[in-house]
Amino acid sequence: MSSTLDPATTAWLLASTALVLLMTPGLAVFYGGMVRSTGVLNMLMMSFISIPLVTVTWLLFGYTLAFGPDAGGGVIGTLAHTAMSGISPSTVRGGVPELLYATFELTFAILTAALVSGAIADRAKFSAWMVFVPLWTLLVFAPVAHWVWGPHGWLASFGTLDFAGGLVVEIASGASALALALVLGPRIGFKVDAMRPHNLPFVLLGAGLLWFGWFGFNAGSAFRVDGIAAAAFLNTLVAGCLGMLGWLVVERIRDGRPTTFGAASGAVAGLVAITPSCGSVTTLGGVIVGLVAGVVCSFAVGWKFRAGYDDSLDVVGVHFAGGIVGTLLIGLLASRVMTGGPRGLFYGGGLTQLGKQALGVVVVAAWAFVISYALGKIIDRVMGFRISKEEEAGGIDFALHAETAYAEGVHGHAPRGLFGHGQQGQHGQHGDRDH
C-alpha cells in the first residue's frame, strides 16, 4: 500500500465512510419496518447499539487483529496497534491517513454486526445482544477480515477475491444469523400466525438509505479515485436495479402480483451480491449478478419454512444466499479488465478462480457459524439469550425498554401458540407470505 498521502482518495474515503455509517441507521429503519408494531423500538435499538459497542471494541482490539501486522500464517493480526497505539494523524496507509482507513473499516464492522440482529427479532434479550456483539466482532469479524483483506491474509494470498465484503460482511453475517436463530429457536406463532411488516414505508425508506450508503461501501473499497471506483459505483446501481426487477418478476409469476416489499427486498439482494464482485465484473457482469441474486433470493427466503429455523427478517435468505451468489459468480464473470489478472470461467480463466471463491465461501461460513453458535450457547447458558414467553406475548418494546413506538399501538399480540387464538401477528418477513 502507498505510504504517500493522496488528497483525492482521502476526500472520497471521508465521504464514503460517512455513507457507510449511514447504512446502519438505514438498516435499523429497514428492519424496524419489517417487525410488528410491538417490537419496532427494540429492532431499531439493536442496530443503533451496535455503533458504540463495535466502535469501542474496534479501537481497542478489533482493528489491530484485523489489519495489524500478520502474526503468522495469515490467520490473525498482532496486538501492535492495541488501542490504536502507534497510529498518529501523520500515519499513512493506502494513500490515506491510517486513522481514516481504520474508521472506514470500522463502519463495515458495525453494519455487519447489526445485520445479524435481523435473525433474532422479537425474542432476544437486549443485555445478551450487548454481550454478544463485542465478542462476535473480535472472534468472527476481525479474523475473517484479516484472512480476506489483511496484510498477507491467507485467503487473499490464496487468490480468493472479495472487493467490498461478500465474504467478510454478507456470508459472515448470514452464517452467524443462522447460528443464533437456531440457538434462540422460533418465535411464538412461527408457521402459525401471519407475520407481516407493520410499516412498509419504513421498509422502503430503509432500503433507499441502504442503497445510498452502498455507493460508499463498494466504490469506497477501491481505495483510489479511478476507473475501477467508477465501475464499482455503476455496478452498485445496476445490480440493485436488476435485483429488484428479478424479484418482482418472480413475484408476478409465482404470486400473481408484484409487491413493494418485494421491490425493497430485491434491490437489497442485488446490492448484497454485487458487494464482493463490483470490482471484478464488467457492467454486463453486474447486470447478471443482480438479476441472478434477485431471482435466487426470492426463493431462498422460503428455506426457513422447509428447514424449520426462524430467521425473522431473512438475513439467511438475502444476505447469506446473496453473498454466496455474488462471491461464486466472480469465478464465472471476473474480467481481467477489472481485476488486472484473474479471470472467470466465461472469460477464459477456467475453473481455478471458481474453486478459490468456493473455498472462501465454505471456510468463512463454517467459521462464522461455529463461533457464533458457540457464543450464543455460552451466553444463553450464563445469562439467558431469550426473553420469556410472557414478555414476547406482551411485546418486546414494553418488556425491555418500557416504551412503545405508537401511542395508540397494540400492547401485545397473544400468538395462538401461547394464549389461544388471540390477535393474528402483524409483522413478518419475505418468506412468511409464501407460507
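The values are calculated or read from the model by the stated rules, or taken from the named source; none is laboratory data. The model shown is predicted, which means the values in this text are computed figures rather than measured ones. Note: ideal-geometry Cβ built from the backbone for every residue, glycine included; neighbour counts use all protein chains shown. For the accessible areas, the whole protein counts, side chains as well, though only heavy atoms, and no ligand, DNA or RNA atoms are used. Shrake-Rupley method; radii C 1.70, N 1.55, O 1.52, S 1.80 Å.
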Would you mind stating whether Val131 is assigned to a helix (DSSP H, G or I), touching a helix residue (DSSP H, G or I) at 6+ places or on another chain (Cβ under 7 Å), at pLDDT 95 or above and open to solvent by 10 Å² or more (accessible area, probe 1.4 Å)?
yes
Criterion: of a type outside the set (Gly, Ala, Ser) and in contact with a strand residue (DSSP E or B) (Cβ under 6 Å, 6 or more places away or on another chain) - qualifying residue of Pro197, Pro151
Pro151
Candidates Val364, Val370 - the one that is crowded, with 20+ Cβ neighbours inside 10 Å and within 18 Å of the chain's Cα centre (by Cα):
Val364
Going through the range 76-124 in order, the residues found to be part of a strand (DSSP E or B), among the β-branched types (Val, Ile, Thr) and crowded, with 23+ Cβ neighbours inside 10 Å are Val96
Taking the range 1-27 only, how many residues are touching a strand residue (DSSP E or B) at 6+ places or on another chain (Cβ under 6 Å) and either within 23 Å of Met45 (Cβ to Cβ) or open to solvent by 60 Å² or more (accessible area, probe 1.4 Å) (or both)?
3
Mind checking whether some residue in the range 331-339 is small (Gly, Ala, Ser), open to solvent by 10 Å² or more (accessible area, probe 1.4 Å) and outside any helix (DSSP H, G or I)?
no
Under 6 Å between Cβ atoms, at least 6 apart or on separate chains: pull out the pairs that start in the range 375-396 with a residue that is over 23 Å from Ala175 (Cβ atoms) and end on any residue that is of a type in the set (Val, Ile, Thr).
Glu392/Ile188; Gly395/Thr38
Only one of (1) surrounded by 24 or more Cβ atoms within 10 Å (Cβ to Cβ); (2) within 30 Å of Asp6 (Cα to Cα); (3) aliphatic (A, V, I, L, M) is not met by Ala156, so which one is it?
(1)
Out of the residues in the range 377-400 meeting the condition of being among the charged types (D, E, K, R) and open to solvent by 10 Å² or more (accessible area, probe 1.4 Å), tell me which one is farthest from Arg36 (Cα to Cα).
Arg381
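Yes or no: the range 61-75 includes at least one residue that is open to solvent by 40 Å² or more (accessible area, probe 1.4 Å), in contact (Cβ under 8 Å) with a residue 40 or more places away in the chain and part of a helix (DSSP H, G or I).
yes
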Of the conditions (1) part of a helix (DSSP H, G or I); (2) at pLDDT 95 or above; (3) open to solvent by 40 Å² or more (accessible area, probe 1.4 Å), Arg343 clears all except one; give me its number.
(1)
Residue satisfying all of: in the range 357-376; of a type outside the set (A, V, I, L, M) and touching a helix residue (DSSP H, G or I) at 6+ places or on another chain (Cβ under 6 Å); farthest from Ala109 (Cα to Cα) among these:
Gln357
Check the range 165-179 and report whether any residue there is open to solvent by less than 10 Å² (accessible area, probe 1.4 Å) and touching a Lys or Arg at 6+ places or on another chain (Cβ under 7 Å).
no
